[in-house]
Amino acid sequence: QVQLVESGGGLVQAGGSLRLSCAASGSFFSINSMGWYRQVPGKQRELVAVISRDGSTNYADSVKGRFTISRDNAKNTVYLQMNSLKPEDTAVYYCAADSDYGPLSKADEYDYWGQGTQVTVSS
């Protein structure tokens, strides 16, 4: 089993920045695809950004140029630097991980999920 623990969410004003972290632990051979998704009540979980072990990335159009995903393979940790935040970025952000190479972009392709961290952007 793999456990994912997220941190770094919170309340920020529009235009501000936050950095999310997600550390993977447990029994696993290797984590290859890692990423971030977000969800607001009443809507489906949506892609934010994903990254493969070799650093290939994929971003949602709504966050391109504002968010940056990165990872530390030695620590099995993925980060999401969020700049120029907007009220519409408000959501619960979930970390995802999978042993498949990718980066995987569909939520249902990921086997492991964190508990979620709330990000609230005030106007």
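The values are calculated or read from the model by the stated rules, or taken from the named source; none is laboratory data. If you're wondering where the values come from, they're calculated on a predicted model, not measured in any experiment. Here the Cβ is made from the backbone with ideal geometry for all residues, glycine too, and neighbour counts use every protein chain on show. In case anyone asks, the SASA skips ligands and DNA or RNA and just uses the protein heavy atoms, side chains included. Shrake-Rupley method; radii C 1.70, N 1.55, O 1.52, S 1.80 Å.
Which residue, Ala23, Ala97, Ala49, has the most motion in a Gaussian network model of the chain that connects Cα atoms within less than 10 Å? With Cα springs under 10 Å in the chain, the top fluctuation among Ala23, Ala97, Ala49 is at Ala23. When the Cα convex hull of region 29-89 is projected onto planes of every orientation, the mean area is 4.9 nm².
The value of relative contact order for the chain, using C-alpha pairs under 8 Å at least six residues apart, is 37 percent.
PRE reach from Asp108 (point 7 Å along Cα→Cβ): which of region 25-60 fall under 15 Å by backbone N? From region 25-60, the list is 44-47. Note on Ala74 and Tyr101: the model spin-label points, each 7 Å out from Cα along the C-beta direction, lie 2.4 nm apart. Straight-line reach from Lys43: taking Cα to Cα under 14 Å and skipping same-chain neighbours fewer than 8 places apart, the aspartates and glutamates in range are Glu88, Asp89. Entry comment: accessible area of the chain is 50 Å² per residue, from protein heavy atoms only and a probe of 1.4 Å. Towards the positive end of the charge dipole of the chain, with charges on Cβ (+1 Lys, Arg; -1 Asp, Glu), say which of Pro103, Ser21, Asn76 has the farthest Cα. Value computed over the given set: Ser21. The fraction of accessible area contributed by carbon and sulfur in region 25-77 is 47 percent, rounded to a whole number (1.4 Å probe; ligands and nucleic acids excluded). Here the gap between Gln1 and Gln115, fully extended at 0.36 nm per residue and compared with their Cα-Cα distance, gives a gain of 39.6 nm.
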